[in-house]
1. Hey, if we sort Trp111, Trp158 by accessible area with the 1.4 Å probe, largest down, what's the order?
2. Going by accessible area, probe 1.4 Å, with all protein chains left in place, what is the ranking of Ile87, Ile161, Ile24, largest first?
3. Which three lengths, in whole Å and largest first, does the chain cover when its Cα atoms are put on their principal axes?
4. Counting only the heavy atoms of the protein chains, how much of Leu95 is accessible to a 1.4 Å probe, in Å² to the nearest 10?
5. At a probe radius of 1.4 Å, what is the per-residue accessible area of Ile144, in Å² to the nearest 10?
6. Rounded to whole Å and sorted largest first, list the principal axis extents of the Cα atoms in region 118-172.
7. Show me the three semi-axes of the equivalent ellipsoid for region 16-92, from the C-alpha gyration tensor (sqrt of 5 times each eigenvalue), largest first, rounded to whole Å.
8. From the gyration tensor of the Cα coordinates in region 99-141, what semi-axes in whole Å does the equivalent ellipsoid have, largest first, with each one equal to sqrt(5λ)?
Amino acid sequence: MTGDLLHKLDLAARHAAPGAVTLILVLVGVTPTQLPYYSAIAPLLPLASVYYWGVHRPDLMPMWLIFLVGLLHDALTDSPIGLHAAILLLCQWVLLRQRRFLAGRPFAVLWLGYAVLAAAVTLVEWIGVSLYDVAVVPPRPLLIRLVLTIAIFPPLAWLFIQVHRGFLRAAD
């Protein structure tokens, strides 16, 4: 009986790995640095996680978890509450519809898809923040953020692949 319980706990912990990694990325992304203006151009790290897991294992990133990750990101970054929750949920919805096209493709195709999604997210962020502030927000910091968000995807994808292989393959 205890062996069965331990197996179930192990399986639950392994399946929690994508969510845990995503939450860690939120915290890493909002960690204060000595770089001036970093918070305005910091890459949107949770987007990479939602994208990767949305393509490869959407069952491990439920909508409620994505919503909570977005709310946490908003609260920690002083963004309008609900903006990133809505954006990340919309991304997951799009990924669920495009999964058949993206799954099993070469990395370059995945990265291109991520770049397109990141550009759309940046546009929605710009519109959302401009509406919230009732002023047109300068787009330059968001464009720098977009470049950094796209550039950070390959090392993050490597991390996700290691988590996928190390934790999840052994659980399946």
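1. Result, largest first: Trp158, Trp111.
2. The ordering from most to least exposed comes out as Ile24, Ile161, Ile87.
3. So the three principal-axis extents are 61, 33, 30 Å.
4. Approximately 10 Å² for this residue.
5. Accessible area, nearest 10 Å²: 70 Å².
6. Taking max minus min along each principal axis of the Cα atoms, region 118-172 gives 51, 20, 13 Å.
7. Sorted largest first and rounded, they come to 21, 13, 10 Å.
8. Ellipsoid half-lengths, sorted descending, are 31, 10, 4 Å.
The values are calculated or read from the model by the stated rules, or taken from the named source; none is laboratory data. No experiment lies behind these values; they were computed from the predicted model shown. What goes into the accessible areas is simple: the full protein's heavy atoms, side chains included, and nothing from ligands, DNA or RNA. Shrake-Rupley method; radii C 1.70, N 1.55, O 1.52, S 1.80 Å.
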